[in-house]
Amino acid sequence: MRKRLTTVLGIVLAAATFAGVCAIGVGISMSRNYTVAPGQVPPPRPLPEGRINVAIVLGHRGSVAADALAPFDVFARSTGFTVFTVAAHRAPVALSGGLTIVADRTFDDAPPADVVVVPAVADDEESAARQYISTSAGRGALVLSVCAGAKLAAASGVLRDRTATSFWDAIDGLADAYPDTRWVAGKRYVEDANIISTAGVTSGVVGALKVVERLAGRPEAARIGAEVAYPGWTPDGTTDIPAHGRQPSDLPYVLNAAFPYFQPRIGVRLGNGVGELDLAAAVEVYAGSSFAAHLVPVGDTPHVTSRHGLTLFAQTAARVDREIRPGTGRRPGEFAFDPPLRDLAAHTDRATARVAAKFIEYPAGHLRLDGALWPWRPTVLAAFTLLTSITVGFVPALIRIAICPKGDVRPEGRSRDHRPRGSAGDRSARRTPRVVRKFR
């Protein structure tokens, strides 16, 4: 019985050790992904009047960079739109990939929005954001939810009795949490009256182009679509996309997220005029969709203004292993995500790059990816952690052996001198053993 309990304890201890190391690793990955850099808040930029107002909602604990920046870039390319970020406060907030941004306006002082873009946020308990989305939709604003931003949109009540889609790995959970919404998989976007919801990450570009088409006309959408060059997009194109599910081939994502130890530190070079879509591609590919590196925004000044006026923070002195510059390496007719995916494959591995493309729901079949076959760094760390956990699992058995040596193990019911136990008055316990004589 003791041996069985020792075995069970060893298995539990080994499993807890491995799970603990993985949990710590995931915590490190997430904390790096949403880091707020301190800094002084600059005054708000002026916003043009007399245009279609597009508000990009930012969560107070962080938002997915590509979900917010990519649609921002699409709308900002048109003179028919005034696009701005909006949050509960004008304070530094996190964007995934280690970015820090300051919202242009607060929910209270922002001009009335004609379009509200809802990205995925780090914390769905965003009461102020939910109220802003609900109130804006009630006034007739068009709501564009991007990727898992459908969670925040659904929590705001604007998806009730509507048809919607979301990131492929979130749809089942959303269907359980919000059964009054008709959730659809395998669609780039779903349009239901004044609600447009998109699939994962890069689908926000296509969703934004659809909004441009509705509010500014098809020629304007076609012009911007030609500039951004999303693969296969046309105003008349199909909305059907592969309905993904979890597969063993997703393992690189899990390994990178759970074992971030000894990752390369990559500086993302920020400068005035950096393109929002180019920046979104760089940080999304290396951070939230692969967790392949520790990203550090670096720049010559603490504050950087993007191409269309966003305020971003940068570190002026940071130790990094190498730098990447958003927008470099982009060939004519390529989408902004193509160069980062090639770079990821070349400096990390092809398996991680393919999984990243899947998680951003990007049609990357046209890309030639060169590099290592597999993410060996986290794989070796996982194997080492597993062996260490198994070793830890033997500790209870070693302790048992040390406390109770093999030569000291005795049958149940016998005393140390191997005489039968009995009470002091029990003569049978003190009888002399019978001698059996042998006769020839």
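Each reported figure results from applying straightforward, stated rules to the coordinates on display, with no laboratory input. Just so you know, these numbers come straight off a predicted model, no measurement behind them. No Cβ is skipped: glycine too gets one built from the backbone with ideal geometry, and neighbour counts run over all protein chains shown.
Worth a mention:
- To the nearest ten degrees, helix 218-228 and the longest principal axis of the Cα atoms of the chain are 50 degrees apart.
- Relative contact order %, the range 96-236, counting alpha carbon pairs below 8 Å whose residues are six or more apart: 19
- Highest GNM mean-square fluctuation among PHE335, PHE313, PHE167, for the chain modelled with Cα contacts below 10 Å: PHE335.
- Computed [θ] at 222 nm, deg cm²/dmol, the chain (DSSP H ≥ 4; -39,500 (n - 2.57); rounded to nearest 500): -11500 deg cm²/dmol
- Projecting the Cα positions of VAL26, GLY271, THR352 onto the charge dipole of the chain (unit charges on Cβ atoms of Lys, Arg, Asp and Glu, taken about the Cα centre) puts VAL26 furthest along the positive direction.
- Here the 3J(HN,Hα) profile of the range 288-302, calculated from phi with Karplus coefficients 6.51, -1.76 and 1.60 at θ = phi - 60°, is x, 9, 9, 6, 8, 7, 9, 8, 10, x, 10, x, 7, 10, x Hz, Gly and Pro shown as x.
- Listed residues ASP343, ASP172, ASP114, most fluctuating in the chain (Gaussian network, C-alpha, under 10 Å): ASP172
- Relative contact order for the chain: 16 percent, from Cα pairs under 8 Å spaced at least 6 residues apart, divided by residue count.
- Short to long, the 10 Å bins of the Cα pair-distance histogram for the range 52-228 hold 11, 43, 37, 9, 0 percent of all pairs.
- Nearest-0.05 FRET efficiency for THR238 and VAL12, computed from C-beta distance (R0 60 Å): 0.70
- Percent RCO, i.e. relative contact order, over the range 81-141, from Cα pairs under 8 Å lying at least 6 residues apart: 30
- Residues in the range 116-129 carry Karplus couplings, in order, of 10, 9, 10, x, 5, 10, 6, 9, 6, 7, 10, 4, 5, 5 Hz; the curve used is 6.51 cos²θ - 1.76 cosθ + 1.60 with θ = phi - 60°, and Gly or Pro positions show x.
- Using a Gaussian network model of the chain in which every pair of alpha carbons under 10 angstrom is joined by a spring, one finds that among ALA15, ALA141, ALA91 the greatest mean-square fluctuation is at ALA15.
- The chain, Cα convex hull volume normalised per residue, Å³: 245
- Unit charges on C-beta of K, R, D, E only; dipole of the range 52-228, Debye: 380
- A simple count of charges around ASN53, restricted to other residues whose Cβ falls under 12 Å of its Cβ and scoring Lys, Arg +1 and Asp, Glu -1, yields 0.
- Cα-only Debye scattering, the range 231-351: base-10 log of I(q)/I(0) at q = 0.11, 0.21, 0.22, 0.23 Å⁻¹: -0.45, -1.24, -1.29, -1.34
- Environment charge at GLU125 (Cβ cut-off 11 Å; Lys +1, Arg +1, Asp -1, Glu -1): 0
- Only Lys, Arg, Asp and Glu carry charge here, each on its Cβ (+1 for the first two, -1 for the last two); on that basis the range 157-248 has a dipole of about 120 debye about its Cα centre.
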